[in-house]
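Right, one structure below, let's go through it.
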Amino acid sequence: MQMITPFLWFDDNAEEAVNYYVSLFNKTKISKTVRYDEASAKAAGRPVNSVLTITFQMEGQNFTALNGGPHFKINESISMFVYCESDEKIEKTYNNLCEGGKVLFPLDKYDWSQRYAWVIDKFGLSWQLDVDKINNQQKILPALLFVNDKVLNVKEAAEFYCSIFPNSKIMMGYPYDRSAGLPDGTLLFTQFKLSDYLFNAMSGQGEHKFDFNEAISFMVNCDSQDEIDNYWKKLSAVPEAEQCGWCKDKFGVSWQIVPTILGEMMSKGTREQIDRLTQAFLPMKKFNIAELEKAYKG
């Protein structure tokens, strides 16, 4: 199982967005659709039986989309960085994503790439496209953009995350030029892996009106309560952001610390079991597996 999964928050058009994304890439499929039951619909103010979450794949990687309402909006602080590996693919992907969207960097040659583009699609999700190849099966990487007062935190954040997750390390780092007058080793860009899942991170120069928020989070699948407790203790730094398995780290990035058994119970349970389970986890902050199992068994 992919331990870390990008989780995308939409208002009420997650299904439309997912169908669009799976039409653009290879090795795609919609794996599972979960609908609002009576309890979760009431809590979220959504119609009963409307789409709650959709788990899907792009380039063989897992993603989840949520219809969560208008509370959070996706912005450029986290984008999807796609290593396209050919002129044909980058041109096709760029042209498709431009339809109804907004171009931040047009497809062109830049100092850092022979062919690169940055586009916001019609659903608000931003994509960085690079013609370069990557020596990894993972072709789409979440890219974290550290802006404003966090602009110099790229190296610190990468080291912090790598200290928390197993099978993690910094793969590469590009420092600022010395002419920038910054401390030696200050990173402009880095690539790192957490539990074998790759991320990019970069420093966003200048003033920006956006920052990390809950609209894009990272779901961490845990097999035990000890794992949940460990990740929660190390990642949760904003108590008021703790709810229903969600927490926010010291840089403002949101995480969901989720027991794998919860998904199994939600997919296999009867309607009554799922209703009891939903009523049990909605008020929780950090998930408690024993309490979830108790509610499931009734």
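The values are calculated or read from the model by the stated rules, or taken from the named source; none is laboratory data. These numbers were taken from a predicted model, which means no experiment stands behind them. Don't worry about glycine lacking a Cβ; one is built from the backbone with ideal geometry, like all the others, and counts go over all protein chains shown. Keep in mind that these areas ignore ligands, DNA and RNA; they rest on the heavy atoms of the full protein, side chains included. Shrake-Rupley method; radii C 1.70, N 1.55, O 1.52, S 1.80 Å.
Values as computed for the structure displayed
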item	result
Residues satisfying the stated conditions in region 176-208, i.e. farther than 28 Å from residue 244 by Cβ and of a type in the set (D, E, K, R)	177, 178, 184, 207
Unmet requirement for residue 69, which otherwise passes all of (1) more than 28 Å from residue 263 (Cα to Cα); (2) open to solvent by less than 30 Å² (accessible area, probe 1.4 Å); (3) modelled with pLDDT under 95	(1)
Which listed residue is open to solvent by 40 Å² or more (accessible area, probe 1.4 Å) and among the small types (Gly, Ala, Ser), from 263, 245, 298	298
Some residue of region 24-47 being more than 15 Å from the chain's Cα centre (by Cα), in contact (Cβ under 8 Å) with a residue 12 or more places away in the chain, under 15 Å from residue 125 (Cβ atoms) and surrounded by 15 or more Cβ atoms within 10 Å (Cβ to Cβ)	yes
Single match in 149, 223 (criterion: free of Cβ contacts under 8 Å to residues at least 12 places away in the same chain and either closer than 25 Å to residue 257 by Cα or open to solvent by 60 Å² or more (accessible area, probe 1.4 Å) (or both))	149
Whichever residue in region 48-66 is free of Cβ contacts under 8 Å to residues at least 40 places away in the same chain and open to solvent by less than 20 Å² (accessible area, probe 1.4 Å) and, among such residues, is nearest to the chain's Cα centre (by Cα)	56
Residue in region 85-95 that is touching a Leu at 6+ places or on another chain (Cβ under 8 Å), under 26 Å from residue 210 (Cβ atoms) and assigned to a strand (DSSP E or B) present	no
Close pairs from region 112-124: first of a type in the set (A, V, I, L, M, F, W, C) and open to solvent by 60 Å² or more (accessible area, probe 1.4 Å), partner assigned to a strand (DSSP E or B) and at pLDDT 95 or above, Cβ under 9 Å, at least 6 apart	112/130; 112/189
Residue 193 vs. criteria more than 22 Å from residue 85 (Cα to Cα), within 22 Å of the chain's Cα centre (by Cα) and open to solvent by 10 Å² or more (accessible area, probe 1.4 Å)	no
Qualifying residues in region 266-295 (those that are modelled with pLDDT under 95 and of a type in the set (Val, Ile, Thr)) - the one most open to solvent (accessible area, probe 1.4 Å)	270
Evaluation of residue 135 against (1) under 19 Å from residue 61 (Cα atoms); (2) open to solvent by less than 70 Å² (accessible area, probe 1.4 Å); (3) assigned to a loop (DSSP other than H, G, I, E, B) (one fails), failing number	(2)
Residue match in region 197-215 (condition: open to solvent by less than 40 Å² (accessible area, probe 1.4 Å), among the polar types (S, T, N, Q), over 18 Å from the mean Cα position of the chain (by Cα) and more than 17 Å from residue 250 (Cα to Cα))	no
Complete set of residues in region 170-190 that are within 20 Å of residue 78 (Cα to Cα) and open to solvent by 30 Å² or more (accessible area, probe 1.4 Å)	170, 171, 172, 173, 174, 188, 189
Check on residue 81, open to solvent by 40 Å² or more (accessible area, probe 1.4 Å) and either part of a strand (DSSP E or B) or more than 24 Å from residue 202 (Cβ to Cβ) (or both)	no
Residues (of a type outside the set (Lys, Arg) and either within 19 Å of residue 127 (Cβ to Cβ) or open to solvent by 30 Å² or more (accessible area, probe 1.4 Å) (or both)) located in region 226-237	226, 227, 229, 230, 237
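Here is a yes/no grid of residues against (1) modelled with pLDDT under 95; (2) within 20 Å of residue 6 (Cα to Cα):
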| site | (1), (2) |
| --- | --- |
| 115 | no, no |
| 119 | no, yes |
| 122 | no, yes |
| 129 | no, yes |
| 143 | no, yes |
| 148 | yes, no |
